[in-house]
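Nothing in this text is a laboratory measurement; each read-out follows from the coordinates by a stated rule. A quick note: this is a predicted structure, and the numbers were derived from the prediction, not measured. When we count neighbours, we look across all protein chains shown, and the Cβ atoms used for this are built from the backbone with ideal geometry, even at glycine.
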2 protein chains.
Amino acid sequence: MSESENVIRLYYKNVTADVVGPDHGLTEDELNEAREQIRQIVPDIEEERSRGEHRYRDLPYDEEMLRRVQAACDARRQGCETLVVCGIGGSALGNIALQTALNPYTYNLLPPAKRGGPRLFVMDNVDPMQFGALLDLIEDDLDSTLFNVISKSGETAETAAQFLIVRDMLKQRLGPSGPKDKILVTTDAAKGTMRQIVDAEGYESLSVPDGVGGRFSVLSAVGLFSAGMCGIDVAGLLKGAAAMDERVKVPTLDENPAALIAAIHTQMYHRNKRLHVMMPYSYHLKDLADWYRQLWAESLGKQKSKFKMGVFVGPTPINALGATDQHSQVQLYREGPNDKVFTLLAVERFDRQVSIPAADAVVDDMSYLGEQEMGTLLNNERIATEQALITSKRPTLSIRFPSITAETVGQFIYLYEAATTIAGRLLGINAYDQPAVELGKQYTFALMGRTGFEDTAKELRAKLGDVGKYLV
Amino acid sequence: MSESENVIRLYYKNVTADVVGPDHGLTEDELNEAREQIRQIVPDIEEERSRGEHRYRDLPYDEEMLRRVQAACDARRQGCETLVVCGIGGSALGNIALQTALNPYTYNLLPPAKRGGPRLFVMDNVDPMQFGALLDLIEDDLDSTLFNVISKSGETAETAAQFLIVRDMLKQRLGPSGPKDKILVTTDAAKGTMRQIVDAEGYESLSVPDGVGGRFSVLSAVGLFSAGMCGIDVAGLLKGAAAMDERVKVPTLDENPAALIAAIHTQMYHRNKRLHVMMPYSYHLKDLADWYRQLWAESLGKQKSKFKMGVFVGPTPINALGATDQHSQVQLYREGPNDKVFTLLAVERFDRQVSIPAADAVVDDMSYLGEQEMGTLLNNERIATEQALITSKRPTLSIRFPSITAETVGQFIYLYEAATTIAGRLLGINAYDQPAVELGKQYTFALMGRTGFEDTAKELRAKLGDVGKYLV
């Protein structure tokens, strides 16, 4: 692909031994080992894909899904001033990331005519002060509000609680048909608690695709409905993802950016660089780093390896923000333990320019900034930080966005999803399950008094008794 | 102090060997060692304080500062609909944390009569798309906008760029006196670039106190002016901090929560638990965790130790959010490497209740949630997660807020500041400098063409030349 195309690029020279030295950088031997592994793994994944595995990989080609999402948006956009997404984890992080990436910083504050769609609130918690504040804000405008409840099973306690509250409020305020008119449910197409409720009460619904885990679902109806409602080019997201698919199915390490991301991070993991920092130099990309945080942590943090039992493997993803966190984290990043791999996200052309005016005599000490673009300053801060990091022998990747568009964001999402699958293979773990989340859910059920969890409740209450001298 | 008081508490039983076992929990021997160290360190700090060191510790008693901040707020609040803070790092994180903690989630969206003061935007970056969107939003309302430019020296490139842009825009739109009327500067009382500009152009100003580093400055005019403007009880913040001062100057480990936080985290650091996760179970406390991230990282991440040269010491602070991140990070937290210490922030009474309605037949599977408070669910999620973590032998502290008020937030801030000072002492590093930030600043100056940095620019350009085969 030529440089003139709208294609994101990975730059990885600054993780090599040539730049940061053999103690901290990858050697040619390590890259050769990765080349060998990738030659096997990538075709394996493609073959498994043809047998129905890795189904998130095929979302970019699901035209029926796209058509349904767009039809739902077209039907609902008229008269809708506020959209509230009720979801958590994989049913929220992608929605937030798309909105932050592709709509203005001030979106919810703009008058309707200046927005691409309704105000968007993604409620991914059960904090009564936060949720209550939202209810107070919208209670007189329920007629122009739509709730998108997203839960594959309906078993997620947080989303279930929100749903019960919203459903009741709509009944109270708008009458018996209130919930049906104002709730659109995204859930399993056929089974589960939420699907049963949808069928019983007649809600409009979209499908969470089969075989696609929550953290891989942003390019399905889960992430695309709220995006489409808010004027984001959802077809462009899928087009970008499909373009990236062509690049990440190539079995040659040196040509496959997902394979490079996976191989570099897993090699670094084995060298005790277990903290994987993603630091966008763009406000708009900051929540993609938070989305990545779930993808990387929940996919790769696993006790059991296919190679070795009980390994307790897993890099810790960390999101940071440039230039802001230069004034918060870079002191540690340069002088703390050399236990991190950095990925800086760069934007080459910003869609909005802000010019710094020429300095006069009073502000002469600031004159070096004068008559330059703010974007130039931000990009120079990134280059400066990258160079400062490698001066301290800290391995540093960068991902370069020509500009932030639906297509480049779609490329980025698909790139990291594919990298996660490959990294899981390299670490010998199952990247698609999350067994350790279960216990906390059961404990919550027990503490909330759910039928069937009485023994767990008793066991917990015994543990929670005495705080003794440990409460200071 | 009795339980009925509005006092935050540290609970630390779940970091002890009794709970998580001797491989991962603190033994009585380790606590005894810490008791010994604290008996020495805390009185040393108090003695140094009497000689003028640790000056942030005395901010809660600075009545003159409080009076000036309150007077400035009283003078400026009338007619002010929008307040824009231009600052970064320690000149922004505290401001953001106070606003999120003590004002509603929907604050900027509320009509003026329902807000405690102007809309607040803390612009802590130089992203032209973000800053440009803000300028677009406010350009027709500059008459009712106030800019609070915060920079101790005026040398910070990001804040200088914002200042130049805002100053020029105000001149263009409101005439020659525009900047003077609409900019209030918080800077050094006597010296530096920004103080010279203040003197030359006659801006109203507040002082960044001497001897207080940016990350310890939230309880000075730096953090308090924007808080006071937005209706936050700034006297209450200082009262809470002063109350905590009484607790953290006690030289007995078992009675001093700051000493316990410092000792537990440094002991765990030496046991290779170098990731220190702060996870509030409250939307309102989430940005205090981000504030902590700067405090902990920039203070404790140091190459040079007083005990040993070239140690590259430093825990990596991580902020998470409960219950949200249970669906993102807890899989890793339970099954990944046991390399973390967790601190959950708990709120016992939420100021706003949201009740979950009784379930009916259709939603019977959700009936266990019915007729309970949303806050009960959130707190049970926290307890469940804490129990799940300790089941996996992950050491877990908690900080318990009776409720979120200016006083408890003031206590929390002061608690973690004091803990940072003590942790610095236990790690043998200087907690108050940030030498590694300098190089990136110089590189930025060089790339922006500042006079005096020509050689650095040449050196950088040589390095940045060829991307070769590493751009994929």
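Quick check on my link table: of A:LYS273/A:LYS304; A:LYS152/A:LYS249; A:LYS239/A:LYS286; A:LYS340/B:LYS13, which ones sit more than 24 Å apart, alpha carbon to alpha carbon? List each step's numbers first, then the result.
Numbers: A:LYS273/A:LYS304 20 Å; A:LYS152/A:LYS249 29 Å; A:LYS239/A:LYS286 22 Å; A:LYS340/B:LYS13 31 Å.
Too far apart for the 24 Å limit: A:LYS152/A:LYS249; A:LYS340/B:LYS13.
So what is the relative contact order of the range A:57-232, in percent, for Cα pairs below 8 Å that sit 6 or more residues apart? Could the numbers behind the result be given before it?
Working: 277 pairs, mean separation 58.0, N = 176.
The value is 33 percent.
Report, in debye and to the nearest 20, how large the dipole of chain A comes out about its Cα centre when Lys and Arg carry +1 and Asp and Glu carry -1 on their Cβ.
Numbers: 51 positive and 64 negative charges, 214 e Å.
So the magnitude is around 1020 debye.
Roughly how large, in nm² to one decimal, is the mean projection of the convex hull of the alpha-carbon atoms in the range A:57-232? Don't skip to the end; give the middle numbers.
Values: hull surface 37.8 nm².
Mean shadow area of the hull around the Cα atoms is 9.5 nm².
What are the ³J(HN,Hα) values, in whole Hz, obtained from phi via the Karplus relation 6.51 cos²θ - 1.76 cosθ + 1.60 with θ = phi - 60°, for each residue of the range B:241-255 in sequence order, with x given for Gly and Pro?
Rounded to whole hertz, the list is 4, 5, 5, 5, 3, 4, 7, 9, 9, 6, x, 9, 3, 5, 10.
Please report B:THR193, A:THR385 as a ranked list, fewest other C-beta atoms within 10 angstrom at the top and most at the bottom. Don't jump to the answer; show the numbers that get you there.
Values: B:THR193 19, A:THR385 28.
Lowest to highest Cβ neighbour count: B:THR193, A:THR385.
Using amide H atoms built 1.01 Å from N in the peptide plane, name the residues 5+ places from B:ILE232, or on other chains, whose amide H lies under 5 Å from its own.
none
Please report Rg over Rh for chain A, where both radii come from the alpha carbon positions and Rh follows the Kirkwood definition.
On the way: Rg = 23.8 Å, Rh = 24.1 Å.
For chain A, the value is 0.99.
Taking θ = phi - 60°, what integer Hz values does the Karplus form 6.51 cos²θ - 1.76 cosθ + 1.60 yield along the range B:354-366, in sequence order, with x for Gly and Pro?
Residue by residue, the range B:354-366 yields 10, 8, 8, x, 4, 7, 10, 4, 4, 9, 4, 5, 9 Hz.
In debye to the nearest 20, how big a dipole does the range A:315-472 give about its Cα centre with +1 on each Lys and Arg Cβ and -1 on each Asp and Glu Cβ? Could the numbers behind the result be given before it?
Details: 15 positive and 20 negative charges, 160 e Å.
For the range A:315-472, the charge dipole is close to 760 debye.
So if I take the centroid of the Cα atoms in the range B:6-81 and the same for the range B:267-292, what is the distance between those two points in Å?
Computed from Cα coordinates, the inter-centre distance equals 15 Å.
Count charges around A:ASN103 for me, please; just the other residues with Cβ under 14 Å from its Cβ, Lys/Arg as +1, Asp/Glu as -1. Provide the component values of the computation, followed by the final result.
Numbers: positive: A:LYS114, A:ARG115, A:ARG119, A:LYS286, A:ARG352; negative: A:ASP233, A:ASP287, A:ASP351, B:ASP136.
Result for the local shell: +1.
Every other copy gets compared here: list the nm distances from the B:ASP254 label point (7 Å along Cα to Cβ) to its counterparts, shortest first, one decimal.
So the distances to the same position in the other copies read 6.6 nm.
Three principal axis extents, largest first, for the C-alpha atoms of the range B:1-130, in Å?
60, 41, 39
Once a ≥ b ≥ c are taken as the square roots of the eigenvalues of the Cα gyration tensor of the range B:89-190, is the result rounded (a/c under 1.5), prolate (a/b larger than b/c) or oblate (a/b not larger than b/c)? Let's see the in-between values first.
Working: a/c = 1.61, a/b = 1.18, b/c = 1.37.
Here the range B:89-190 falls in the oblate category.
Given A:ALA359, A:GLY117, B:ALA71, which one lies farthest toward the positive end of the charge dipole of the protein assembly as shown, if we put +1 on the Cβ of every Lys and Arg and -1 on the Cβ of every Asp and Glu?
Among A:ALA359, A:GLY117, B:ALA71, the one farthest towards the positive end of the dipole of the protein assembly as shown is A:ALA359.
Between B:GLU155 and B:SER50, what FRET efficiency comes out of the Förster formula 1/(1 + (r/R0)^6) with R0 = 35 Å and r the beta carbon distance, rounded to 0.05?
Working: r = 32 Å, r/R0 = 0.91.
Computed FRET efficiency for B:SER50 and B:GLU155: 0.65.
Taking 0.36 nm per residue of separation and subtracting the Cα-Cα distance, what length does fully extending A:ASP199 through A:ASN430 add? Mind showing how you got there, number by number?
Values: separation 231, 0.36 × 231 = 83.16 nm, distance 3.38 nm.
Going from the current span to full extension adds 79.8 nm.
With charges set only on the Cβ (+1 for Lys and Arg, -1 for Asp and Glu), what does the dipole of the protein assembly as shown come to about its Cα centre, in debye to the nearest 20? Walk me through the intermediate numbers first.
Values: 102 positive and 128 negative charges, 215 e Å.
Around 1040 debye, computed over the protein assembly as shown.
Could you name the aspartates and glutamates whose alpha carbon sits less than 15 Å from that of A:LYS469, not counting residues in the same chain fewer than 8 places away?
B:GLU3, B:ASP18, B:GLU28, B:ASP254, B:GLU255
Which is the longest run of chain B containing none of the GluC sites (Glu not before Pro) found in DSSP loop states (not H, G, I, E, B) with at most 16 other C-beta atoms within 10 Å? Walk me through the numbers before you get to the answer.
Details: sites that count: B:GLU3, B:GLU5, B:GLU53, B:GLU81, B:GLU155, B:GLU348, B:GLU371.
Between exposed loop sites, the widest span is B:156-347.
In the calculated pair distance distribution of the range B:374-449, what percentage of Cα-Cα distances lie above 19 Å? Show your work: numbers first, answer last.
Details: 1891 of 2850 pairs.
So the pairs more than 19 Å apart make up 66 percent of the total in the range B:374-449.
For chain B, calculate the relative contact order in percent as a whole number, restricting contacts to Cα pairs under 8 Å that are 6 or more residues apart. Before the final figure, lay out each step's value.
Working: 800 pairs, mean separation 100.5, N = 472.
About 21 percent, as a whole number.
Nm distances between the label at A:ALA200 and the same-position labels in the remaining copies, 7 Å along Cα→Cβ, shortest first?
Here the equivalent label points are 7.3 nm apart from this one.
So how far apart, in nm, are the two label points at A:GLU348 and B:THR252 if each is 7 Å from Cα heading toward Cβ?
The two pseudo-label positions are separated by 6.6 nm.
Taking neighbour counts of Cβ atoms within 10 Å as a proxy for exposure, in what order, fewest first, do B:THR156, B:THR405 appear? Write down the numbers at each step before the final one.
On the way: B:THR156 23, B:THR405 18.
Ranked by crowding around the Cβ, least crowded first: B:THR405, B:THR156.
Taking a ≥ b ≥ c as the square roots of the Cα gyration tensor eigenvalues, with a/c under 1.5 meaning rounded and otherwise prolate when a/b beats b/c, else oblate, which class fits the protein assembly as shown? Show your work: numbers first, answer last.
Numbers: a/c = 1.18, a/b = 1.13, b/c = 1.05.
Cα axes put the protein assembly as shown in the rounded bin.
How far apart are the A:ASP44 label points across copies, placing each 7 Å from Cα toward Cβ, in nm, shortest first?
Here the equivalent label points are 5.4 nm apart from this one.
Just to confirm my numbers, what's the Cα centroid distance between the range B:82-138 and the range B:419-472 in Å?
If we compute the Cα centre of each part, the gap is 29 Å.
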